[in-house]
Amino acid sequence: MPLLGSLTRAELRRRLGSGELVVRTGPFTTRIRSDIVQVAEGLARLYAAHPVEAAESFADFQVNLLRSRGWRRWVRPQVLFDHGGDAPFTPLPLAQSQPMFEWVMNWCVSNHAHSYLIVHAAVLEKHGRAIILPAPPGSGKSTLCAALAMRGWRLLSDELALVRCSDALLAPLVRPISLKNVSLDVIRGFAPGARFGDPVHGTIKGTIGHLAPPRDSVARAGELARAAWVVFPRFEPGAATSLAPVSKARTFMRLIDNAFNYALLGERGFEVLAQLVDGCTGSDFVYSSLDEAIAVFDGLAGDAP
């Protein structure tokens, strides 16, 4: 199966314009149609290692990101998202097309992939065991996720933990890591060789940039993982690095707070979450140093200091 990076820019734009670009991300395929240069460039930079399906292939999701028409095409142009004739997102300035694409991709999964319990969390794996990092915005979750992914942990997801309802295994959904504001400079300094998309300023979340996922993580997107830890991270400037236990009952309730479709799944959601938590150790984690944080996580995974 060809990779997106094997397409020339001209071929990529042609497929996007005609709706013939079908990209695989983990268990899902998405047909993407767009006439926006920023979308094409973002895909070329950030999705180069992702497989491209044949144009006639079945797609789980249909994403149309198109320029506004009429006078808006010339005055304060916008990007519009269409999903099967519905427009669930408010149009955004055209310059924010790439962040909107990532938000749309998250929306497609969290609103439709109910064969999984979906938790707002990063997921990484090492030595066959996975760690789940649920956290509210501003907790430093994505910064920590990016640092771990750049230091030998296999990235499964930055945003959505997909817990398979049949056996509580974690399905990878490997896509770019979203970083905001100062986190962009932190990770650029931490991993100088990392591949980034262009930063986008003035969004509702400030300045946003995306880090391309490691190619090995994308190549292994078919490999499931079993969770061993649920760690609730919190970045505090100047704080000492600390890892404190959280009871299974409290871990269960806090995961519910971060789950998108727990109530919708009903009894099945309760059972799969209980199975997940039963096999995990829960912890609160406070950090201010990425190097110290990585040392702690490597220690959990069994690496020598």
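Is it the case that residue 210 is modelled with pLDDT under 95 and either over 21 Å from residue 110 (Cβ atoms) or not hydroxyl-bearing (Ser, Thr, Tyr) (or both)? Judged against the criteria, residue 210 is not a match. Here residue 136 meets the list (1) touching a strand residue (DSSP E or B) at 6+ places or on another chain (Cβ under 7 Å); (2) not in a helix (DSSP H, G or I) almost entirely, failing just condition (1). Among the residues making up region 36-61, those that are surrounded by fewer than 19 Cβ atoms within 10 Å (Cβ to Cβ) and touching a Gly at 6+ places or on another chain (Cβ under 6 Å) are 45, 48. If residue 114 passes every condition in (1) in contact with a strand residue (DSSP E or B) (Cβ under 9 Å, 6 or more places away or on another chain); (2) over 21 Å from residue 297 (Cβ atoms); (3) not hydroxyl-bearing (Ser, Thr, Tyr) but one, which one does it miss? So residue 114 meets the others, but not (1). The residues on offer are 110, 139, 97, and the sole one that is crowded, with 20+ Cβ neighbours inside 10 Å and of a type in the set (Ser, Thr, Tyr) is 97.
Go through 147, 168 for me and flag whichever is surrounded by fewer than 24 Cβ atoms within 10 Å (Cβ to Cβ) and on the phi > 0 side of the Ramachandran plot.
Numbers: 147 fails: on the phi > 0 side of the Ramachandran plot.
Of 147, 168, the one residue that is surrounded by fewer than 24 Cβ atoms within 10 Å (Cβ to Cβ) and on the phi > 0 side of the Ramachandran plot is 168.
Out of region 177-225, which residues are hydroxyl-bearing (Ser, Thr, Tyr) and farther than 21 Å from residue 40 by Cβ? Explain how you work it out, then say what you get.
At the first step, the residues of region 177-225 found to be hydroxyl-bearing (Ser, Thr, Tyr) are 178, 183, 203, 207, 217.
Passing the criteria: 183, 207, 217.
On inspection, residue 126 does not qualify as out of contact with any Lys or Arg (no Cβ under 6 Å at 6 or more places or on another chain), at pLDDT 90 or above, crowded, with 23+ Cβ neighbours inside 10 Å and of a type in the set (Lys, Arg). Among the residues here, residue 286 qualifies as out of contact with any His (no Cβ under 6 Å at 6 or more places or on another chain), modelled with pLDDT of 95 or more, among the β-branched types (Val, Ile, Thr) and within 16 Å of residue 144 (Cα to Cα). In this structure, does residue 144 turn out to be in contact (Cβ under 8 Å) with a residue 60 or more places away in the chain and in a helix (DSSP H, G or I)? Yes; evaluated as a whole, the condition is true for this residue.
Starting from residues that are assigned to a loop (DSSP other than H, G, I, E, B) and closer than 23 Å to residue 298 by Cβ, keep the ones in region 170-200 and report whichever is modelled with the lowest pLDDT.
Going through region 170-200, the residues assigned to a loop (DSSP other than H, G, I, E, B) turn out to be 172-176, 181, 191-195, 197-199.
Add one more test, that the residue is closer than 23 Å to residue 298 by Cβ, and what stays is 172, 174, 191-194.
Numbers: 172: 98, 174: 98, 191: 92, 192: 91, 193: 88, 194: 92.
Among those that are assigned to a loop (DSSP other than H, G, I, E, B) and closer than 23 Å to residue 298 by Cβ, it is 193.
In this structure, is residue 218 under 29 Å from residue 96 (Cα atoms) and surrounded by 15 or more Cβ atoms within 10 Å (Cβ to Cβ)?
Working: under 29 Å from residue 96 (Cα atoms): yes; surrounded by 15 or more Cβ atoms within 10 Å (Cβ to Cβ): yes.
Spelling it out, residue 218 is indeed under 29 Å from residue 96 (Cα atoms) and surrounded by 15 or more Cβ atoms within 10 Å (Cβ to Cβ).
Each row is one residue, and each column tells you yes or no for (1) free of Cβ contacts under 8 Å to residues at least 40 places away in the same chain; (2) outside any strand (DSSP E or B).
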site	(1), (2)
12	yes, yes
30	no, no
33	yes, no
49	no, yes
81	yes, no
90	yes, yes
101	no, yes
109	no, yes
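The values are calculated or read from the model by the stated rules, or taken from the named source; none is laboratory data. What you see is a predicted model; the values in this text were computed from it and never measured. Note: ideal-geometry Cβ built from the backbone for every residue, glycine included; neighbour counts use all protein chains shown.
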